[in-house]
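Trainee: Structure in structure tokens, see below.
Readers should treat all values here as calculations from the given coordinates under stated rules, not as data from a laboratory. Predicted model, so just to flag it, every value in this text is computed and none were measured.
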Amino acid sequence: MSWLSRWVRRGFRPDVIDHPRAEPAHLRLGRWGEDQAARFLTQRGYRILERNLRLGRRSELDLVAARKGVLVFVEVKTVRRTGPVRPAARINRRKKQALARAVDGYLRRLRTMPRAIQCDVIEVIGAPEGPPPEIRHLEAPFRLEGHRHWQWAAGELH
């Protein structure tokens with residue numbers, strides 16, 4: 001089967017994407033936002049351990065970082081401009097469940113459990129072609145419910 005027939009079969013529209021290998025604009029913006037968030041965290045003393053880590057079909061971690069013995073899972077939300085709803089407010093119940101699955105998958109891969117974990121959100125407001133972005137770091141804005149063999153409460157792992 002040729003690349004063109006595979007491409008059309010997957011539902012891609014040639015009139016929307018210039019080239020079969022071209023990255024859609026929203027994915028390019030998201031990748032740029034994750035780069036900005038990683039740079040932001042590094043400047044504040046975090047060590048980036050993983051980026052865009054896929055742990056199953058619908059489980060992905062944007063960034064995994066560590067600082068002062070705390071393992072931090074970071075969800076990055078990037079928008080071109082602010083509106084009436086903050087980017088972090090777009091994290092609904094389904095996304096929180098997917099985050100919990102991803103955290104569970106990551107923790108199962110570790111040999112030793114970390115002392116504490118935290119789930120943060122970084123909002124990146126801007127675009128690559130514009131002025132420097134506005135970045136907001138929200139530390140533990142919500143709680144992930146215990147999932148399988150771990151439980152997270154007030155940042156301590158039980």
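Trainee: Quick one: which residues, 5 or more positions from Thr78 or on another chain, have an amide H under 5 Å from its amide H? H modelled 1.01 Å from N in the peptide plane, none for Pro or chain starts.
Mentor: Placed amide hydrogens put Val124 under 5 Å from Thr78.
Trainee: Residue separation times 0.36 nm, minus the C-alpha to C-alpha distance between Arg39 and Lys95: what's the value?
Mentor: Details: separation 56, 0.36 × 56 = 20.16 nm, distance 2.41 nm.
Between Arg39 and Lys95, full extension yields 17.7 nm more.
Trainee: Now a separate question. Can you list residues from other chains, or at least 5 along the same chain, whose modelled amide H is less than 5 Å from the amide H of Leu55?
Mentor: Glu60, Leu61
Trainee: In addition: Once you have the alpha carbon radius of gyration of the range 24-148, what is it after dividing by 2.2 N^0.38 Å, with N set to its residue count?
Mentor: Output field value: 1.03.
Trainee: Same structure, new question: Can you work out ³J(HN,Hα) from phi for every residue in the range 96-102, in order, using Karplus 6.51 cos²θ - 1.76 cosθ + 1.60 and θ = phi - 60°, giving whole Hz and x for Gly and Pro?
Mentor: 5, 5, 5, 4, 4, 4, 5
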